[in-house]
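Following: one structure in structure tokens, then a few remarks.
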Amino acid sequence: MPNRAKIRPTDELPPSDFRFHLPLLSLSAVFGDDWFSLKAEAFARFFGTPIFLVTQTAIVAIWIGLNVIGVTHFDVYPFILLNLAFSLQAAYAAPLILLAQTRQADRDKAHADADARHREAIAQASEARETLAAQQTAQLLVLMAQNTELTVAVQQLSQQIETLTRDVHRKVVEATGG
């Protein structure tokens, strides 16, 4: 089993896309973390695999074949011992599978909650960015208006300077007699 970091809710979490999922890393295996629990979970997961189904089918076919053909007579027709074996298997398999499903549902719920918190955080960050963008747009509009006013003022001052320069030049030319 991989070594999972134990994270408490009070620990500082680095900002990341999965910061809401990090606390869920400490969820234990379905039946706990001891040897028996890990083997029980593996056993419960093994029941639905093709390997299990094919192997069980082959064993049952061989069992019935050997008893029907007469090679052995340890469980003759109606196969009471085979039925007992299936009952024993069902008695252990059903609770293991139900426990695994219940714990998996709990894990799925915890991950769904973390996903919802993550989506909410993304939505809040998006709203904050939109608000900031609107504020910056408003500031840009104010700055553009001020720039326009300054440009008009510079143009007017430039025209006044040009008029004054012509007046001064004309008076200097008249005074020097030229």
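The values are calculated or read from the model by the stated rules, or taken from the named source; none is laboratory data. Remember, it's a predicted structure, so these values are computed and weren't measured experimentally. Neighbour counts are summed over all protein chains in view; Cβ atoms, including those assigned to glycine, are modelled from backbone coordinates with ideal geometry.
Only one residue in Ala121, Ala138, Ala153 is among the hydrophobic types (A, V, I, L, M, F, W, C), in a helix (DSSP H, G or I) and under 33 Å from the mean Cα position of the chain (by Cα), so which one is that? So the residue among Ala121, Ala138, Ala153 that is among the hydrophobic types (A, V, I, L, M, F, W, C), in a helix (DSSP H, G or I) and under 33 Å from the mean Cα position of the chain (by Cα) is Ala121. Taking the criterion of being more than 30 Å from Gln101 (Cα to Cα) and in contact (Cβ under 8 Å) with a residue 12 or more places away in the chain, the residues of segment 40-79 that qualify are Trp63, Ile64, Asn67, Asp75, Phe79. Just one of the listed residues (Ile80, Ile97) is closer than 18 Å to Gln56 by Cα and modelled with pLDDT of 85 or more, namely Ile80.
For segment 102-124, does any single residue satisfy the condition of being among the polar types (S, T, N, Q), under 30 Å from Glu41 (Cα atoms), free of Cβ contacts under 8 Å to residues at least 60 places away in the same chain and surrounded by 10 or more Cβ atoms within 10 Å (Cβ to Cβ)? Yes: one or more hits. Just one residue in the set Leu82, Leu99 is touching a residue at least 24 places away in the same chain (Cβ under 8 Å) and of a type outside the set (Ser, Thr, Tyr); that residue is Leu99.
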